[in-house]
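Bear in mind these aren't lab numbers, they're just calculated from the coordinates by the rules spelled out. For clarity, every value in this text was computed on a predicted model and none was experimentally measured. Cβ sites come from the backbone with ideal geometry, for glycine too, and all protein chains shown count toward neighbours.
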Amino acid sequence: MYFFKATEQIARLGSYLLPSSRFSSFSLRGLSRFFLLLLLPVLSASAAESIVLSSDQSVSTAGYYQLSWEMKDASPGAVYILEQKAADAEVAEQIYRGSDTATMISGKADGEYHYIVHTDDGSSSSNPLTVTVAHHSLATAFNFFTIGVLVFIFILIAIVIGNRQQAKHQ
């Protein structure tokens, strides 16, 4: 939520700094917003957040993933994680509170989930992180199931043939 408001403010600042040009399809205002949005990750990284939040996968096809965070300049202690289902949502749900440096998230439906970590005392926060959950389609799941059944049948046939050949030689 804070990331998105900051993006809006930077884009607004860029539009005030650069007046629009007379070219309707390609204005300096639009160009300034584009470059500011491109530079936002660089600018936010150079601001050196005191907590660095990361995930083991940016796109999860199974609905589970691990969030981990590193306390750079923040004092170690209790933290809490806020989750938003939509980037523009006003409500963020607290999904974790504790002093660990990682947590597993599971059981998520398709969609984008936005996370941010804050220290319990509110003195530090992390970079915002987005994880996309996109489960396999039903057709892909049935293809995996069919391949698994075929491999199981081939292994079963190999075991039966091997047993018969071993019985003949004894």
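Key figures for this structure:
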{"read-out": "Debye, to nearest 20: dipole size of the stretch 49-135, +1 on Lys, Arg Cβ, -1 on Asp, Glu Cβ", "value": "180 debye"}
{"read-out": "Stretch gain in nm, segment E93-D121, where the contour uses 0.36 nm per residue and the Cα spacing is subtracted", "value": "8.3 nm"}
{"read-out": "Label-point gap, in nm, between I147 and Q66 - each point 7 angstrom along Cα→Cβ", "value": "2.5 nm"}
{"read-out": "Two-site FRET efficiency, A109 against A158, from Cβ-Cβ distance with R₀ of 25 Å, rounded to 0.05", "value": "0.05"}
{"read-out": "Label-point gap, in nm, between A78 and A102 - each point 7 angstrom along Cα→Cβ", "value": "2.4 nm"}
{"read-out": "FRET efficiency estimate (nearest 0.05) - Cβ-Cβ, A86 to S137, R0 22 angstrom", "value": "0.45"}
